[in-house]
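Have a look at the structure below before the remarks.
Please treat every number below as a calculation from the coordinates, not as lab data. Remember, predicted model here, so these are calculated numbers, not experimental data. Reconstructed Cβ throughout: ideal geometry from the backbone, glycine too, with neighbour counts over all protein chains shown.
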Amino acid sequence: MKAFEPGLLADAHRGILYVDEVNLLHDHLVDLLLDAAAMGASYVEREGVSVRHAARFLLVGTMNPEEGELRPQLLDRFGLTVEVSASRETDQRVEVVRRRLAYDDDPAAFAARWAGEEAALRARIVAARALLPEVRLGDGALRQIAATCAAFEVDGMRADIVMARTATALAAWAGRTDVLAEDVRQAALRALPHRRRRNPFDAPGLDEDKLDDTLEQNSGSDDDDPDPDGPGGGGQPPQGDGDGDGSSDAPDQDRSGEAEPEAGEGQPLLPGPAASRRPHGPGSRSARRR
């Protein structure tokens, strides 16, 4: 008797699907991931069994670009990318080994030692999620996002949407209700390196000077506040003793944090707050993937 057994895509529904060495997947598995990511469902047709089940998940993958590239279709399904590399600082490497040995000796004691810091991080994430609906993505930030995507010649509109969501999340993570140019810059460093057009011998990552120039050229202030005197007011003070309460009738601004994620894409992760205009350190430059 034939019976259907749910697989990984069914288990990952409303969760995270983690794929190690995602660039080494066989082509037919890549096709399955693409179909499920695009439709939010998986179809199983095999030996007289025909089943459809929901499969909406956050796709997380790791890879070494030197071992082979991903198909552009699947690569574009990853909202953000970060470069992970081993530290060259002796003290940091010593600390990594020390902590690993401490965990091997007593996992429970190691977890208890860092429980306080994990609780503080968890509380900050909860606070950022609560603040996210209140974050305002103004027209100025939207223009910077659109201009940046156009300057780096990315295909489609998914990059613009991912950058908008990421910049909004960064503002919430920093405890702010307005998206700043630095949020847009950090979003670009994570959302565009794997989407931009480049020739085979071009270096990975983004040209940060070009990014800064684009943001500077589109750094005009927001013109979102309506004219308090209405059309034709000419900036003159109101006449008479009006009893208005000063409230604005302008439509609400778009809140990117309220949008539903696309199939196969989750809400952006919340990286740490930007400390300066130029990031520093070996893990700060955005590149392709691991």
Practice prompt. At 0.36 nm per residue, minus the direct Cα-Cα distance, what do S219 and S50 gain on full extension? Give it in nm, one decimal, please.
Written response: 55.4 nm
Practice prompt. Can you tell me how much longer the chain between D212 and S85 gets when fully stretched, taken as 0.36 nm per residue apart minus their C-alpha distance, in nm with one decimal?
Written response: 43.2 nm
Discussion item. Please list, in order along the range 136-150, the HN-Hα scalar couplings obtained from phi with the Karplus expression 6.51 cos²θ - 1.76 cosθ + 1.60 (θ = phi - 60°), rounded to whole Hz, x for Gly and Pro.
Written reply: 9, 9, x, 4, x, 5, 5, 5, 5, 5, 5, 5, 5, 4, 5
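Where does each of 94-102, 188-196 land if you order them by average Cβ count within 10 Å, highest first? Display every interim value, and only then the final one.
Numbers: 94-102: 11.1, 188-196: 23.8.
The packing order, highest mean first, is 188-196, 94-102.
Antiparallel as a % of all DSSP beta bridges within the range 8-75, to the nearest 5?
In the range 8-75, DSSP labels about 55 percent of beta bridges as antiparallel.
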